[in-house]
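Right, one structure below, let's go through it.
Values quoted throughout were computed directly from the atomic coordinates according to the rules given, and no laboratory measurement underlies them. The structure presented is a predicted model; accordingly, all values stated were derived computationally and were not measured. So basically every Cβ, Gly included, is an ideal-geometry build from the backbone, and we count neighbours across all protein chains shown.
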Amino acid sequence: MDEATTRARFYDVPRLLALRRALRRVANAAEPRAEPVAGVELSDARRLGLLPGSFNPLTRGHSALAEAGLASGALDLVLFSLSTHTIDKEVLRGASLEDRLLVLQLACERDPRLGTLLVNRGLYVDQATLIRTAFPGADELQFLVGFDKIVQILDPRYYVDRDAALERLFGLAHFLVAPRWSDGSEALMALLALPENCPFAAAVRPLELPSALRDVASSQARAAAASGATPNHELPPESQAFVEETGAYEDPPGRYSARLDVLEALERAGDAAEGLDFRGLVDRATGERV
């Protein structure tokens, strides 16, 4: 897909409103809920990878982690998992949830083995339980995470009864762990060799990433965009085009605020909004604020 076509799809009002409805369904459900919003047919999944994140924005690190999981031969499918419960604090800084889902949808179109899942639980053990219930055909479930996350998962400060909690988690899912910064497979092996972690070592395996992508983070991309730079190194094509087109991470976010306000107005207008030029309305609203 060429860049102009990609940018035009950022103004697909029916798709954006459908994503808003999906967010409301999942977030407002009292019971645990998972809803696919992009990509693969999950009924056929046998070896499923889950890559949780806030994707604010989606980075090359996220994409490389998914690609590495597929290339390892351990997974048939990888799902980017966006939780409505863990990212409420970020809603007002950065991209809206429907825009994050939109970028993920576009990114997943590049590989039929990728998909996006919207969930209303944030903890890993809750997501694992939810996935096991929602997709009983999956023989294996593996989380794809960075080294910093597995350190946090094994840290006793986060638990009342650490071993009981970890036995439950690792009974539901295993982990593929990518290096972060200078912490590679050797650091992971040392962590797992600690006596308190040995019982869980069999459920954790290293996953290699190119060294250039080990320190890529969404926070860096947001900071670069806020300063007026284009974070080319950190972002895949869909994210880069989105950042440039919408100004989602600019400070102040003038054009992006206009985008959100116009979309809200289009949703309220219902059928009366059909055929209106979303991009043109955003341009006009942005101009009026300058």
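Take the conditions under 30 Å from V13 (Cβ atoms), touching an Asp or Glu at 6+ places or on another chain (Cβ under 9 Å) and surrounded by fewer than 22 Cβ atoms within 10 Å (Cβ to Cβ) and apply them to R47. Does it pass?
So R47 does not fit the description; no.
Quick one: how many residues across the stretch 112-125 are over 16 Å from the mean Cα position of the chain (by Cα) and surrounded by fewer than 17 Cβ atoms within 10 Å (Cβ to Cβ)?
1
In the stretch 1-120, which strands (runs of 3 or more DSSP E) lie fully inside it and hold 2 or more residues that are closer than 30 Å to D271 by Cβ?
Once the strands (runs of 3 or more DSSP E) in the stretch 1-120 are filtered for at least 2 residues that are closer than 30 Å to D271 by Cβ, what remains is 34-39, 114-119.
What is the one condition in (1) among the acidic types (D, E); (2) crowded, with 22+ Cβ neighbours inside 10 Å; (3) in contact with a Lys or Arg (Cβ under 8 Å, 6 or more places away or on another chain) that E98 does not satisfy?
(2)
On the given criteria, is I131 out of contact with any Ser or Thr (no Cβ under 8 Å at 6 or more places or on another chain) and without any contact (Cβ under 8 Å) to a residue 60 or more places away in the chain? Spell out the reasoning first.
Details: out of contact with any Ser or Thr (no Cβ under 8 Å at 6 or more places or on another chain): yes; without any contact (Cβ under 8 Å) to a residue 60 or more places away in the chain: no.
Criteria not met by I131.
Tell me which residues, restricted to the stretch 160-179, are touching a strand residue (DSSP E or B) at 6+ places or on another chain (Cβ under 7 Å) and under 30 Å from A212 (Cβ atoms).
Correct list: A173, H174, F175, L176, V177, A178.
Looking at the stretch 234-258, I want the residues that are among the β-branched types (V, I, T) and have a partner that is surrounded by 19 or more Cβ atoms within 10 Å (Cβ to Cβ) and part of a loop (DSSP other than H, G, I, E, B) with Cβ atoms under 8 Å, at least 6 apart or on another chain. Which pairs are those?
V243/P57; V243/P231; V243/L235; V243/Y249; T246/F10; T246/A95
Out of all the residues in the stretch 242-259, is one or more out of contact with any strand residue (DSSP E or B) (no Cβ under 9 Å at 6 or more places or on another chain), exposed (fewer than 14 other Cβ atoms within 10 Å of the Cβ) and either closer than 23 Å to E109 by Cβ or not charged (D, E, K, R) (or both)?
yes
Run Q105 past the list (1) within 28 Å of L192 (Cα to Cα); (2) out of contact with any Pro (no Cβ under 7 Å at 6 or more places or on another chain); (3) polar (S, T, N, Q) and report the number of the one that doesn't hold.
(1)
Does E3 fit the bill of being farther than 23 Å from A273 by Cβ, over 19 Å from the mean Cα position of the chain (by Cα) and of a type in the set (D, E, K, R)?
It is true that E3 is farther than 23 Å from A273 by Cβ, over 19 Å from the mean Cα position of the chain (by Cα) and of a type in the set (D, E, K, R).
Inside the stretch 213-223, can you point out the residues that are out of contact with any Gly (no Cβ under 9 Å at 6 or more places or on another chain) and touching a residue at least 12 places away in the same chain (Cβ under 8 Å)?
Correct list: Q220, A221.
Using the structure shown, decide if D148 is touching a residue at least 24 places away in the same chain (Cβ under 8 Å) and more than 28 Å from F10 (Cα to Cα).
Values: touching a residue at least 24 places away in the same chain (Cβ under 8 Å): yes; more than 28 Å from F10 (Cα to Cα): yes.
For D148, the condition - touching a residue at least 24 places away in the same chain (Cβ under 8 Å) and more than 28 Å from F10 (Cα to Cα) - is met.
Being in contact with a helix residue (DSSP H, G or I) (Cβ under 7 Å, 6 or more places away or on another chain) and within 23 Å of L104 (Cβ to Cβ) is the requirement here; does L213 meet it?
So L213 fits the description; yes.
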